[in-house]
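Worksheet for the structure shown next.
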Amino acid sequence: MAGINHLKELQEKKGDTFLNGLLNNYVIISEKISGAFFGLKKTKDDTFKYFKKNGEITYVDRVLMQYYNPAVSFFEKMPQPKRERIPSNFFFGFEYFNRGDHSVSVGRPVKNNLVLSYIHRLDDSGNVIETLQSGEQLSKWAEYLEVEAPPIIFEGRLDDEQRREILDFVYSDQSQLEEK
């Protein structure tokens, strides 16, 4: 319900035309999973840089905190030929689950503790030029990286009935929503 509430706020701030335009676009809806953020980027010399929510995971982080060490270790052990095939202009964003944690959507420990959420394609300056989020693209890369693919609920264009149901929800007041 949180996502729909945000659509109501979006409609109030940006208006009906914006909301209708948004609902007429190609959409990807994936289940929200609650792991810790873990990022990966390959450098030009075939080494990896690792990231947590607020920046790069440093050597000091690895020694003192050790929380991300299983994920870092997993990629450090990746065979060189496989590592070489990963583009250096890709930034992989994951949900990370430490030992024993598991995703509610998967219902079991996740493959190598990581669920691939998105891939940013970067320009030479490191700026995002495209975000890859389709189920097909993410599933292909998740398989290659030996991690879980994201739990995608819907991908495509909404039909008239789906748009009508969402708009009905957005335009309902609180008492009507509780009754429904």
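Carbon and sulfur atoms: what percent of the 1.4 Å accessible area of the chain do they account for?
Accessible surface attributable to carbon and sulfur in the chain totals 49 percent.
Once Rh is set to the Kirkwood radius over Cα pairs, what Stokes-Einstein translational diffusion coefficient, in µm²/s, holds for the chain at a temperature of 4 °C and a viscosity of 1.567 mPa s? So the translational diffusion coefficient is about 70 µm²/s.
Sorting VAL110, VAL27 by accessible area puts them as VAL27, VAL110; the probe is 1.4 Å, largest comes first, and only protein heavy atoms count. Using label points projected 7 Å from each Cα along Cα→Cβ, tell me how many nm separate LEU7 and LYS44, to one decimal. It is 4.5 nm. Amide H contacts for ILE57 (H built 1.01 Å from N in the peptide plane; partners 5 or more residues away or on another chain; cut-off under 5 Å): TYR50, PHE51, LYS52. Listed cross-link partners LYS13/LYS53; LYS52/LYS140; LYS32/LYS111; LYS44/LYS140; LYS82/LYS111 are compared with a 26 Å cut-off, the Cα-Cα value being larger for LYS13/LYS53.
Protein heavy-atom accessible surface, 1.4 Å probe, per residue over the chain: 62 Å².
For the chain, what does -39500 (n - 2.57) per DSSP helix run (n ≥ 4), summed and divided by total residues, give at 222 nm, in deg cm²/dmol to the nearest 500?
-10500 deg cm²/dmol
The values are calculated or read from the model by the stated rules, or taken from the named source; none is laboratory data. If you're wondering where the values come from, they're calculated on a predicted model, not measured in any experiment. Neighbour counts are summed over all protein chains in view; Cβ atoms, including those assigned to glycine, are modelled from backbone coordinates with ideal geometry. Note: areas computed on protein heavy atoms with side chains; ligands, DNA, RNA excluded. Shrake-Rupley method; radii C 1.70, N 1.55, O 1.52, S 1.80 Å.
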